[in-house]
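Student: Handing you a structure now.
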Amino acid sequence: MTATKPRIGIYPGTFDPITKGHLHIIRRCSKLVDHLIVAVATNPNKKPMFKLADRVSMTETDIANMEEKGCQITVEPFESLLVEFARQKGAGVIFRGLRAVSDFEYEFQMTGMNARLAPEIETVFLMASDKWQFVSSSFLKEIARLGGDISPFVTPATQEKILEAVK
Ligand code: COA
């Protein structure tokens, strides 16, 4: 009998920082593959608030504290093209979360380009639940800078890091 190959999926993003919306998508992705790699992009274009190593460790902490994981989940940084990273890891699927209609245009273009570059890798979209539709990392950083309450949207560990960073 031949052993079946583990299904490997990638959930990429900047995660600057990771939110409860991301964690909800991660939990759902973890039910669909055997190994989920949460891939943290350098993304210098976005001028992140947190260094890559910090974004990785904050994401690791939140995932370690997450209840209900459907599969093995690892967190890895990447600096290359996403599809190259996915190939290196033997992943067959890239997951993306879709929130409002405004995400669609960008996601549509990115998926189209990735499909041209690596037709063997599928992109699968999960709709963000209504609770997390309007959450974005940029909004959270802005709310924190202006003294608003971000506790509904991030874990206590991440909240602490954001508050330290905006001090
Ligand atoms: N809940 C809450 N917020 C969510 C969310 C969810 N479920 N899904 C996305 N978001 C938010 C993020 O917080 C982020 O907000 P921000 O823009 O205010 O920071 C925004 O939606 C999108 O971010 P994210 O999902 O992290 O993706 P990204 O657009 O930052 O990352 C990469 C895009 C990393 C996948 C892309 O740049 C990439 O592939 N880079 C590698 C280089 C490459 O291959 N380029 C060629 C692409 S064709």
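Student: Shape verdict for the stretch 83-130, please, from the Cα gyration tensor: rounded (a/c under 1.5), prolate (a/b greater than b/c) or oblate.
Tutor: Working: a/c = 3.20, a/b = 1.72, b/c = 1.86.
Note, shape of the stretch 83-130 comes out oblate.
Student: Let me check I've understood the local charge: for residue 58, count other residues with C-beta under 12 angstrom from its C-beta, Lys and Arg +1, Asp and Glu -1. What total comes out? Write down the numbers at each step before the final one.
Tutor: Numbers: positive: 51, 55, 161; negative: 16, 54, 60, 62, 160, 164.
Around residue 58, the surrounding residues sum to -3.
Student: Label the stretch 40-118 by shape, choosing from rounded, prolate and oblate, from the square roots a ≥ b ≥ c of the eigenvalues of the Cα gyration tensor; if a/c is under 1.5 it is rounded, and otherwise prolate applies when a/b is larger than b/c, oblate when it is not. Write down the numbers at each step before the final one.
Tutor: Details: a/c = 1.42, a/b = 1.33, b/c = 1.07.
Since a/c stays below 1.5, the shape of the stretch 40-118 is classed as rounded.
Student: If Lys and Arg each add +1 and Asp and Glu each add -1, what is the summed charge of the other residues whose beta carbon sits under 10 Å from the beta carbon of residue 21? Present the calculation step by step, with values, prior to reporting the outcome.
Tutor: Numbers: positive: 20, 99, 131; negative: none.
Local net charge: +3.
Student: Ok, one more. Measuring from a point 7 Å past the Cα of residue 31 along Cα-to-C-beta, which residues in the stretch 1-24 have an amide N at less than 14 Å?
Tutor: Taking a point 7 Å out along Cα→Cβ of residue 31, the residues of the stretch 1-24 whose backbone N falls under 14 Å are 24.
Student: Mean residue ellipticity at 222 nm from the helices of the chain, using -39,500 (n - 2.57) per DSSP H segment of n ≥ 4 over the full residue count, to the nearest 500 deg cm²/dmol? Please list the in-between numbers first.
Tutor: Details: 6 runs with 67 residues, N = 167.
Helix contribution divided over all residues of the chain: -12000 deg cm²/dmol.
Student: Additional query: Looking only at GluC sites (Glu not before Pro) in DSSP loops with at most 13 other Cβ atoms within 10 Å, what is the longest site-free stretch of the chain? Walk me through the intermediate numbers first.
Tutor: Details: sites that count: 67, 68, 79, 120.
Longest gap between qualifying sites, sites excluded: 1-66.
Student: Name the long-range amide H neighbours of residue 94: under 5 Å, sequence gap of 5 or more, or other chain; modelled H, no Pro or chain starts.
Tutor: For residue 94, whose amide H was placed from the backbone, the distant partners under 5 Å are 10, 122, 123, 124.
Student: For the cross-link pairs 5/51; 51/167; 20/47; 89/141, which exceed 24 Å when the distance is taken from alpha carbon to alpha carbon?
Tutor: On the way: 5/51 35 Å; 51/167 16 Å; 20/47 22 Å; 89/141 32 Å.
Pairs exceeding the cut-off: 5/51; 89/141.
Student: If one takes the longest principal axis of the Cα atoms in the chain, at what angle in degrees, from 0 to 90 and to the nearest 10, does the Cα axis of helix 52-64 lie?
Tutor: 80
Student: When Lys and Arg each count +1 and Asp and Glu each count -1, what net charge do the other residues less than 13 Å away from residue 114, Cβ to Cβ, add up to? Kindly include the intermediate steps, with their values, before the conclusion.
Tutor: On the way: positive: 87, 96, 116; negative: 84, 107, 120, 122.
Result for the neighbourhood of residue 114: -1.
Student: So what is the accessible area of the stretch 8-166 per residue, in Å², with the probe set to 1.4 Å?
Tutor: 54
The values are calculated or read from the model by the stated rules, or taken from the named source; none is laboratory data. Because the structure is a prediction, the values reported are computed rather than measured. In this analysis, Cβ positions are derived from the backbone assuming ideal geometry, glycine residues included, and neighbour counts consider all displayed protein chains. Please note that ligands, DNA and RNA were not included when accessible areas were found on the heavy atoms of the full protein model with its side chains. Shrake-Rupley method; radii C 1.70, N 1.55, O 1.52, S 1.80 Å.
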